[in-house]
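See below for the structure under consideration.
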Amino acid sequence: VEGNGASYSVQMEAGIENCDLFIAVTESDELNLLCCIIAKKAGDCHPVARVRDHAYNKEASYLKEELGLALVINPELAAAEDIARVLRFPSALAIEPFAMGRVELIKFKLPEDSPLIGLSVKEAIAKYKYDVLFCSAERGDEVFVTKGDFVFEGKDIISMIAPPRRATAFLSKVGLSSSAANSAIIVGGGEITHYLCEICEKKSIKIKLIEGNKEICDSYAEEFPDITVVHGDTAEQATLIDEGIEHTDAFLALTDRDEENIFLSLYAKEHCDGKIVTKIDRLDFDDVIKHLELDTVVYPKNVTSSIILRYVRSMRS
(Lines give C-alpha, C1' and ligand atoms only; values in the text may rest on other atoms or scores of the structure.)
Protein backbone atom coordinates (compact mmCIF):
# COMPACT_ATOMS: atom_id res chain seq x y z
CA VAL A 1 0.00 0.00 0.00
CA GLU A 2 1.50 3.33 -1.03
CA GLY A 3 0.95 6.23 1.35
CA ASN A 4 1.75 7.88 4.64
CA GLY A 5 1.93 5.25 7.38
CA ALA A 6 0.75 7.79 9.94
CA SER A 7 -2.47 8.43 8.01
CA TYR A 8 -5.61 6.88 9.46
CA SER A 9 -7.14 6.40 6.01
CA VAL A 10 -3.98 4.72 4.67
CA GLN A 11 -3.88 2.35 7.62
CA MET A 12 -7.55 1.52 7.12
CA GLU A 13 -6.85 0.81 3.45
CA ALA A 14 -4.04 -1.53 4.52
CA GLY A 15 -6.46 -3.44 6.78
CA ILE A 16 -5.45 -2.23 10.24
CA GLU A 17 -8.84 -3.26 11.68
CA ASN A 18 -7.99 -6.93 11.11
CA CYS A 19 -4.31 -6.67 11.97
CA ASP A 20 -2.72 -8.53 14.93
CA LEU A 21 0.74 -6.94 14.71
CA PHE A 22 1.79 -3.48 13.49
CA ILE A 23 5.50 -2.72 12.96
CA ALA A 24 6.80 0.83 12.37
CA VAL A 25 10.42 0.92 11.22
CA THR A 26 10.78 4.16 9.22
CA GLU A 27 13.90 6.31 9.64
CA SER A 28 11.98 8.75 11.88
CA ASP A 29 11.43 7.81 15.53
CA GLU A 30 8.63 10.33 15.92
CA LEU A 31 6.86 9.02 12.82
CA ASN A 32 7.15 5.46 14.10
CA LEU A 33 5.59 6.44 17.43
CA LEU A 34 2.77 8.36 15.73
CA CYS A 35 2.08 5.41 13.40
CA CYS A 36 1.81 3.09 16.39
CA ILE A 37 -0.54 5.40 18.30
CA ILE A 38 -2.91 5.57 15.33
CA ALA A 39 -2.66 1.82 14.73
CA LYS A 40 -3.45 1.08 18.38
CA LYS A 41 -6.55 3.28 18.27
CA ALA A 42 -7.73 2.15 14.84
CA GLY A 43 -7.11 -1.56 15.07
CA ASP A 44 -6.42 -2.54 18.69
CA CYS A 45 -3.36 -4.44 17.46
CA HIS A 46 0.09 -5.04 18.99
CA PRO A 47 2.19 -2.04 17.83
CA VAL A 48 6.00 -2.27 17.60
CA ALA A 49 8.10 0.88 17.13
CA ARG A 50 11.77 1.17 16.24
CA VAL A 51 13.14 4.11 18.25
CA ARG A 52 16.85 4.81 17.77
CA ASP A 53 17.45 8.26 19.27
CA HIS A 54 19.58 8.07 22.39
CA ALA A 55 17.41 10.71 24.04
CA TYR A 56 14.42 8.33 24.03
CA ASN A 57 16.33 5.40 25.48
CA LYS A 58 15.67 6.17 29.15
CA GLU A 59 12.02 6.86 28.34
CA ALA A 60 11.37 3.57 26.52
CA SER A 61 9.40 2.02 29.39
CA TYR A 62 7.32 5.19 29.77
CA LEU A 63 6.59 5.31 26.03
CA LYS A 64 5.66 1.66 26.00
CA GLU A 65 3.28 1.94 28.95
CA GLU A 66 1.67 5.31 28.23
CA LEU A 67 1.27 4.83 24.48
CA GLY A 68 0.17 1.20 24.73
CA LEU A 69 3.05 -0.16 22.66
CA ALA A 70 3.90 -3.85 22.59
CA LEU A 71 7.60 -3.24 21.95
CA VAL A 72 10.00 -0.33 21.68
CA ILE A 73 13.15 -1.50 19.91
CA ASN A 74 16.47 0.30 19.73
CA PRO A 75 18.66 -1.74 17.31
CA GLU A 76 21.93 -0.15 18.43
CA LEU A 77 21.18 -0.70 22.12
CA ALA A 78 20.11 -4.29 21.46
CA ALA A 79 23.33 -4.92 19.48
CA ALA A 80 25.40 -3.41 22.31
CA GLU A 81 23.66 -5.67 24.82
CA ASP A 82 24.41 -8.69 22.59
CA ILE A 83 28.10 -7.72 22.49
CA ALA A 84 28.20 -7.18 26.26
CA ARG A 85 26.83 -10.68 26.85
CA VAL A 86 29.57 -12.12 24.64
CA LEU A 87 32.22 -10.14 26.56
CA ARG A 88 30.91 -11.79 29.71
CA PHE A 89 31.67 -15.17 28.14
CA PRO A 90 34.16 -14.60 25.27
CA SER A 91 34.28 -18.27 24.25
CA ALA A 92 30.72 -17.95 22.94
CA LEU A 93 30.01 -16.90 19.36
CA ALA A 94 26.58 -15.55 20.31
CA ILE A 95 24.30 -15.45 23.36
CA GLU A 96 20.54 -14.88 23.24
CA PRO A 97 18.51 -14.41 26.44
CA PHE A 98 15.14 -16.05 27.05
CA ALA A 99 12.64 -15.88 29.93
CA MET A 100 13.91 -12.45 31.04
CA GLY A 101 17.51 -13.69 31.07
CA ARG A 102 16.89 -16.70 33.30
CA VAL A 103 18.06 -19.00 30.50
CA GLU A 104 20.27 -18.29 27.50
CA LEU A 105 20.89 -19.85 24.12
CA ILE A 106 24.67 -20.03 23.73
CA LYS A 107 26.40 -20.75 20.43
CA PHE A 108 30.05 -21.85 20.60
CA LYS A 109 32.66 -23.57 18.46
CA LEU A 110 33.98 -26.83 19.90
CA PRO A 111 37.80 -26.80 20.23
CA GLU A 112 39.61 -29.66 18.52
CA ASP A 113 41.07 -30.75 21.86
CA SER A 114 37.76 -30.63 23.74
CA PRO A 115 36.95 -33.68 25.88
CA LEU A 116 33.48 -33.65 24.28
CA ILE A 117 34.89 -34.87 20.96
CA GLY A 118 33.97 -38.48 20.27
CA LEU A 119 31.19 -38.45 22.87
CA SER A 120 27.51 -38.61 22.04
CA VAL A 121 25.09 -36.12 23.58
CA LYS A 122 23.79 -38.82 25.91
CA GLU A 123 27.32 -39.76 27.02
CA ALA A 124 28.32 -36.11 27.56
CA ILE A 125 25.32 -35.39 29.80
CA ALA A 126 25.93 -38.58 31.79
CA LYS A 127 29.65 -37.84 32.18
CA TYR A 128 29.47 -34.20 33.23
CA LYS A 129 26.11 -34.36 35.02
CA TYR A 130 25.05 -30.83 34.04
CA ASP A 131 21.43 -30.09 33.19
CA VAL A 132 21.89 -28.39 29.79
CA LEU A 133 19.95 -28.80 26.56
CA PHE A 134 21.83 -29.22 23.27
CA CYS A 135 19.71 -27.87 20.40
CA SER A 136 21.69 -28.09 17.18
CA ALA A 137 25.13 -28.46 15.64
CA GLU A 138 26.53 -26.83 12.50
CA ARG A 139 29.20 -28.85 10.71
CA GLY A 140 30.37 -27.18 7.51
CA ASP A 141 27.24 -26.45 5.50
CA GLU A 142 25.15 -29.04 7.36
CA VAL A 143 22.95 -28.50 10.40
CA PHE A 144 22.07 -31.38 12.76
CA VAL A 145 19.46 -31.69 15.49
CA THR A 146 21.52 -32.88 18.45
CA LYS A 147 19.61 -35.96 19.57
CA GLY A 148 21.00 -38.37 22.14
CA ASP A 149 23.06 -40.35 19.62
CA PHE A 150 24.70 -37.32 17.98
CA VAL A 151 28.51 -37.52 18.27
CA PHE A 152 30.53 -34.32 18.70
CA GLU A 153 33.42 -33.47 16.37
CA GLY A 154 36.07 -30.74 16.49
CA LYS A 155 35.02 -27.34 15.05
CA ASP A 156 31.31 -28.17 15.42
CA ILE A 157 29.30 -25.02 16.14
CA ILE A 158 26.98 -26.03 18.97
CA SER A 159 23.83 -24.27 20.17
CA MET A 160 22.91 -24.99 23.77
CA ILE A 161 20.28 -23.71 26.23
CA ALA A 162 20.91 -23.40 29.96
CA PRO A 163 20.80 -20.91 32.85
CA PRO A 164 23.87 -18.61 32.67
CA ARG A 165 25.78 -19.99 35.68
CA ARG A 166 25.11 -23.60 34.74
CA ALA A 167 26.22 -22.97 31.16
CA THR A 168 29.45 -21.28 32.28
CA ALA A 169 30.30 -24.16 34.61
CA PHE A 170 29.59 -26.77 31.95
CA LEU A 171 31.53 -25.08 29.16
CA SER A 172 34.58 -24.54 31.34
CA LYS A 173 34.56 -28.31 31.91
CA VAL A 174 34.67 -29.02 28.18
CA GLY A 175 37.66 -26.87 27.29
CA LEU A 176 36.19 -23.38 26.86
CA SER A 177 37.45 -20.45 28.93
CA SER A 178 34.82 -18.97 31.23
CA SER A 179 36.79 -15.82 32.14
CA ALA A 180 35.02 -12.57 31.30
CA ALA A 181 36.84 -9.89 29.31
CA ASN A 182 38.40 -7.21 31.54
CA SER A 183 39.62 -4.95 28.73
CA ALA A 184 38.54 -4.12 25.20
CA ILE A 185 39.70 -2.02 22.26
CA ILE A 186 36.83 -0.52 20.27
CA VAL A 187 37.38 0.94 16.80
CA GLY A 188 34.63 3.35 15.77
CA GLY A 189 32.61 5.77 17.89
CA GLY A 190 29.06 5.19 16.66
CA GLU A 191 25.82 4.66 18.57
CA ILE A 192 26.53 1.02 19.40
CA THR A 193 29.84 2.08 20.93
CA HIS A 194 28.05 4.72 23.01
CA TYR A 195 25.65 2.19 24.52
CA LEU A 196 28.44 -0.34 24.97
CA CYS A 197 30.55 2.17 26.89
CA GLU A 198 27.62 2.77 29.24
CA ILE A 199 27.26 -0.98 29.85
CA CYS A 200 31.00 -1.65 30.22
CA GLU A 201 31.35 1.26 32.63
CA LYS A 202 28.96 -0.50 35.01
CA LYS A 203 30.85 -3.80 34.62
CA SER A 204 34.27 -2.19 35.19
CA ILE A 205 35.61 -3.27 31.79
CA LYS A 206 38.53 -1.08 30.71
CA ILE A 207 37.73 0.46 27.33
CA LYS A 208 40.10 2.03 24.81
CA LEU A 209 38.31 3.74 21.92
CA ILE A 210 40.08 4.52 18.62
CA GLU A 211 38.22 7.03 16.45
CA GLY A 212 39.27 9.13 13.45
CA ASN A 213 36.86 12.02 14.00
CA LYS A 214 38.22 14.61 16.47
CA GLU A 215 34.79 15.92 17.47
CA ILE A 216 33.53 12.43 18.28
CA CYS A 217 36.69 11.80 20.32
CA ASP A 218 36.11 14.98 22.33
CA SER A 219 32.48 14.02 22.92
CA TYR A 220 33.41 10.56 24.25
CA ALA A 221 36.25 11.92 26.38
CA GLU A 222 33.85 14.39 28.01
CA GLU A 223 31.01 11.92 28.59
CA PHE A 224 33.13 8.91 29.61
CA PRO A 225 36.14 10.18 31.60
CA ASP A 226 37.10 6.63 32.65
CA ILE A 227 37.72 5.33 29.12
CA THR A 228 40.84 6.01 27.05
CA VAL A 229 40.02 7.85 23.83
CA VAL A 230 42.58 7.79 21.02
CA HIS A 231 42.29 10.11 18.01
CA GLY A 232 43.93 8.27 15.14
CA ASP A 233 43.55 6.51 11.81
CA THR A 234 41.43 3.46 12.55
CA ALA A 235 42.84 1.60 9.53
CA GLU A 236 46.51 2.09 10.50
CA GLN A 237 48.15 -1.13 11.69
CA ALA A 238 50.74 0.88 13.62
CA THR A 239 47.96 2.57 15.61
CA LEU A 240 46.47 -0.78 16.61
CA ILE A 241 49.86 -2.16 17.66
CA ASP A 242 50.75 0.99 19.61
CA GLU A 243 47.44 0.89 21.47
CA GLY A 244 47.96 -2.71 22.60
CA ILE A 245 45.92 -4.93 20.30
CA GLU A 246 48.21 -7.84 21.19
CA HIS A 247 47.34 -7.62 24.89
CA THR A 248 43.63 -6.77 24.97
CA ASP A 249 40.97 -9.26 26.06
CA ALA A 250 38.62 -8.19 23.26
CA PHE A 251 38.78 -6.29 19.97
CA LEU A 252 35.56 -4.76 18.61
CA ALA A 253 35.36 -3.45 15.03
CA LEU A 254 32.34 -1.12 15.14
CA THR A 255 32.98 1.48 12.45
CA ASP A 256 30.27 2.52 9.97
CA ARG A 257 32.06 0.72 7.13
CA ASP A 258 31.55 -3.04 6.82
CA GLU A 259 34.66 -3.55 4.70
CA GLU A 260 36.87 -1.80 7.24
CA ASN A 261 35.37 -3.82 10.08
CA ILE A 262 36.09 -7.06 8.22
CA PHE A 263 39.71 -6.13 7.42
CA LEU A 264 40.31 -4.90 10.98
CA SER A 265 38.94 -8.12 12.41
CA LEU A 266 41.02 -10.31 10.11
CA TYR A 267 44.11 -8.33 11.13
CA ALA A 268 43.17 -8.59 14.80
CA LYS A 269 42.74 -12.35 14.45
CA GLU A 270 46.43 -12.60 13.55
CA HIS A 271 47.65 -10.38 16.39
CA CYS A 272 45.15 -10.79 19.23
CA ASP A 273 44.31 -13.84 21.30
CA GLY A 274 41.22 -12.18 22.74
CA LYS A 275 37.59 -12.04 21.65
CA ILE A 276 36.96 -10.44 18.25
CA VAL A 277 33.58 -8.88 17.40
CA THR A 278 32.69 -7.54 13.95
CA LYS A 279 29.70 -5.31 13.21
CA ILE A 280 28.12 -5.79 9.77
CA ASP A 281 25.23 -3.65 8.55
CA ARG A 282 24.72 -5.08 5.05
CA LEU A 283 23.30 -8.56 4.62
CA ASP A 284 24.20 -8.98 0.93
CA PHE A 285 27.38 -10.98 1.45
CA ASP A 286 26.32 -13.07 4.43
CA ASP A 287 27.35 -16.35 2.76
CA VAL A 288 30.83 -15.01 2.00
CA ILE A 289 31.30 -13.62 5.51
CA LYS A 290 30.43 -16.98 7.06
CA HIS A 291 33.47 -18.55 5.37
CA LEU A 292 35.85 -15.92 6.77
CA GLU A 293 35.60 -17.37 10.32
CA LEU A 294 35.42 -13.94 11.90
CA ASP A 295 34.53 -15.15 15.41
CA THR A 296 31.46 -13.18 16.53
CA VAL A 297 29.60 -11.17 13.87
CA VAL A 298 26.85 -8.78 14.96
CA TYR A 299 24.13 -7.70 12.50
CA PRO A 300 22.03 -4.90 14.08
CA LYS A 301 19.24 -5.54 11.54
CA ASN A 302 19.12 -9.21 12.47
CA VAL A 303 19.04 -8.31 16.16
CA THR A 304 15.94 -6.18 15.56
CA SER A 305 14.12 -8.84 13.55
CA SER A 306 15.04 -11.50 16.12
CA ILE A 307 13.44 -9.46 18.92
CA ILE A 308 10.25 -9.01 16.88
CA LEU A 309 10.13 -12.71 15.99
CA ARG A 310 10.48 -13.70 19.64
CA TYR A 311 7.52 -11.48 20.46
CA VAL A 312 5.46 -12.96 17.61
CA ARG A 313 6.19 -16.48 18.87
CA SER A 314 5.11 -15.46 22.39
CA MET A 315 1.81 -14.16 20.93
CA ARG A 316 1.13 -17.59 19.45
CA SER A 317 1.85 -19.53 22.64
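The values are calculated or read from the model by the stated rules, or taken from the named source; none is laboratory data. The shown structure was predicted, so the numbers you read here are calculated from the model rather than taken from an experiment. Every residue, glycine among them, receives a Cβ derived from its backbone with ideal geometry; neighbour counts consider all protein chains shown. Accessible surface areas use protein heavy atoms only, side chains included; no ligands, DNA or RNA. Shrake-Rupley method; radii C 1.70, N 1.55, O 1.52, S 1.80 Å.
Below, the figures for the structure above:
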item: Accessible surface ranking that places the most exposed of D284, D53 first, with a 1.4 angstrom probe; result: D284, D53
item: Contour minus Cα-Cα distance for E142 and A221 (0.36 nm per residue); result: 23.8 nm
item: Loop-resident sites, segment 148-242, for GluC sites (Glu not before Pro), counting at most 16 other Cβ within 10 Å (DSSP); result: E153, E236
item: Relative contact order (%) - criterion: Cα under 8 Å, at least six apart; region: the chain; result: 13
item: With all protein chains modelled, accessible area of R139 [1.4 Å, Å²]; result: 60
item: Helix-only [θ]222 nm of the chain, DSSP H runs n ≥ 4, -39500 (n - 2.57) each, per residue, nearest 500; result: -12000 deg cm²/dmol
item: Net charge contributed by nearby residues that have their C-beta within less than 11 Å of Y130 (K/R +1, D/E -1); result: +4
item: Dipole of the chain [Lys/Arg +1, Asp/Glu -1 at C-beta], most positive-end residue of F108, T228, C135; result: C135
item: Mean accessible surface per residue for segment 1-129, computed with a 1.4 Å probe while every protein chain stays in place, in Å²; result: 53
item: Top of P47, P225, P97 by mean-square fluctuation, Gaussian network on the chain, Cα under 10 Å; result: P225
item: Antiparallel %, DSSP beta bridges [both residues in the chain], to 5; result: 45
item: Carbon plus sulfur fraction of accessible area for the chain, probe 1.4 Å, in percent; result: 50
item: Label corresponding to volume of the Cα convex hull per residue in Å³ when calculated from the structure given, among (i) 146; (ii) 192; (iii) 154; result: (iii)
